[in-house]
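The values are calculated or read from the model by the stated rules, or taken from the named source; none is laboratory data. The model shown is predicted, which means the values in this text are computed figures rather than measured ones. Here the Cβ positions follow ideal geometry from the backbone for every residue, glycine too, while neighbour counts run over all protein chains shown. Heavy atoms of the whole protein, side chains included, go into the accessibility calculation; ligands, DNA and RNA do not. Shrake-Rupley method; radii C 1.70, N 1.55, O 1.52, S 1.80 Å.
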Amino acid sequence: MTTGTRVLVLNAGSSSVKYQLIDMLDGAKLAAGLVERIGEEHGRLLHLPLTGEPRETLRRFGGHDAALEAVAEELAKDLMGLDSPELAAIGHRVVHGGLRFTRPTLVTDAVLAEIRRLIPVAPLHNPANITGIEVARRLRPDLPQVAVFDTAFHATLPEHAARYAIDRKTADEHRVRRYGFHGTSHQYVSRATARLLGRDPAELNVIVLHLGNGASASAVAGGVCVETSMGLTPLEGLVMGTRSGDADPGLVFHLHRVGGMSIDQIDDLLNRRSGLLGLCGDNDMREVVRRAQEGEEDAKLAFDSYVHRIRRYLGGYYAVLGRVDAVAFTAGVGENSAEVRAAVCANLEELGISVDPELNAVRSRDARTVSPSYSRVTVAVVPTDEELEIAQQTFALVREV
């Protein structure tokens, strides 16, 4: 059993690596940082130690190997390098775990092979996650590597919620079903909401609205996810920064047959040129709100479409749960946009949902309630901490085995 108490969390993207070093004794974040534009001519590493000034490195990082080696060098400058005996494990965010991986998992060759087999259902994410794991294993082959899956929290969806109504044989053959994403965030926020209210998660029904550039909703009954908005891929569900969210599947056939667009072009349209960006040319909600308040019609349409989709899911999840104790807003937009929160909750008093304008206008990094004291449903703003959730799951597994 490892005697270290620190966990390094790695989130490897296609051209970036986010990282945090966390001491599990008290949850302190000893260091954090980001390497971006990996493989490009002008790369950047921003290192944020717990104490001292941030350090920035501007140079080319040829690949994830070079990026992670640079991260190790920065940590070593703070006497917290990868060779530290205090390091207990490395936890990796992996976007898609399919049906097999429904809990944090020690990485072995067989596990890595299965994650690789899931690339067709997560072509933008799993390859980068695999690269991060492979590089970390090379740098510290003796250290436990743990994969924590975005899809795991949603593995509890009942079959009638997880199935698409298509031919079952075809669905099973190609692993087509609703998996859901942002699971570590939804899990963390649902539990943090219970702590905020001084309640046991097992007795609380929460609707979590994870609203960032990517956005998703979940219905959590007694700590168990029973519905979520994303599906086979992260494209389904809410209107997002650049993704369309829900759209008639026939749209794909129409654009292909009538519009002459290739499948790759349609994929690019729905994932990278839709959502807020497609509606008004901006995927930054702050700019969308500013432009809408100045009277720009396309920005107002984008804002209204974004809010309408969230309200549609909020009402649907209310029906799924039967009783709602709290609605929790989280992630970049959910935590920072009072305008979005107010619009989502407007005129829902009959459902017991409302926000106090003064409380809602307060900006804070702390979890807080923004609903009136008399509100039947608590509306809360709960900052997410996916890295801490990954570290906690990683450390628990390592101590267990």
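For the reader, a short list of remarks on this structure follows.
- Inter-part distance where the range 137-203 and the range 52-84 are each reduced to a Cα centre, Å: 31 Å
- Globularity index of the range 59-171, i.e. its alpha-carbon radius of gyration over 2.2 N^0.38 Å: 1.28
- Placing unit charges on the Cβ atoms of the charged side chains and taking the dipole of the chain about its Cα centre, the candidate lying farthest along the positive direction among 209, 92, 251 is 251.
- Within the chain, the longest run free of GluC sites (Glu not before Pro) that sit in a DSSP loop with at most 10 other Cβ atoms within 10 Å is 42-293.
- Among 197, 238, 211: highest mean-square fluctuation, GNM of the chain, C-alpha pairs under 10 Å: 197
- Based on DSSP H segments of at least four residues, each scored -39500 (n - 2.57), the chain has a per-residue ellipticity at 222 nm of -11500 deg cm²/dmol.
- Chymotrypsin sites (Phe, Trp or Tyr not before Pro) within the range 112-212, DSSP loop, no more than 15 other Cβ atoms inside 10 Å: 164
- For the range 320-366 and the range 211-283, distance of Cα centres in Å: 23 Å
- Derived scalar couplings ³J(HN,Hα) [the range 286-292; Karplus, 6.51 cos²θ - 1.76 cosθ + 1.60; whole Hz; x for Gly, Pro]: 4, 6, 4, 4, 4, 5, 5
- Relative contact order computed over the range 26-168 (Cα-Cα under 8 Å; 6+ residues apart), in percent: 22 percent
- Averaging the sequence gap over all C-alpha pairs within less than 8 Å and six or more residues apart, then dividing by the number of residues, gives the chain a relative contact order of 15 percent.
- Amide H partners (placed H, <5 Å) of residue 236, local residues excluded: 231
- Note on residue 182: accessible area approximately 20 square angstrom, rounded to 10, probe 1.4 Å, nucleic acids and ligands left out.
- The angle between the Cα long axis of helix 263-272 and the main principal axis of the chain comes to about 90°, on a 0 to 90 degree scale.
- Share of carbon and sulfur in the accessible area of the chain stands at 52%, probe radius 1.4 Å.
- Checking every one of the chymotrypsin sites (Phe, Trp or Tyr not before Pro) in the range 302-401 against DSSP loop status and a limit of 11 other Cβ atoms within 10 Å picks out 374.
- Relative contact order %, the range 203-262, counting alpha carbon pairs below 8 Å whose residues are six or more apart: 22 percent
- Residue-by-residue Karplus 3J(HN,Hα) for the range 98-114, coefficients 6.51, -1.76, 1.60, Hz, glycine and proline x: x, 8, 6, 9, 10, 7, x, 9, 5, 7, 10, 4, 5, 5, 4, 5, 5
- GNM top mover of 110, 155, 302 - the chain, alpha-carbon springs below 10 Å: 110
- Exposed-site-free run, longest, the chain (rule: trypsin sites (Lys or Arg not before Pro); DSSP loop; at most 16 other C-beta within 10 Å): 200-272
- Counting DSSP beta bridges with both ends in the chain, the antiparallel % (nearest 5): 70 percent
- In order through the range 162-178: 3J(HN,Hα) via Karplus (6.51 cos²θ - 1.76 cosθ + 1.60), integer Hz, x for Gly, Pro: 7, 7, 8, 7, 10, 3, 5, 4, 4, 4, 5, 4, 10, 6, 8, 6, 8
- Accessible surface area normalised per residue over the chain is 45 Å², counting heavy atoms of protein chains with a 1.4 Å rolling probe.
- Cβ-placed point charges (K, R +1; D, E -1), dipole of the chain about Cα centre in debye, nearest 20: 600 debye
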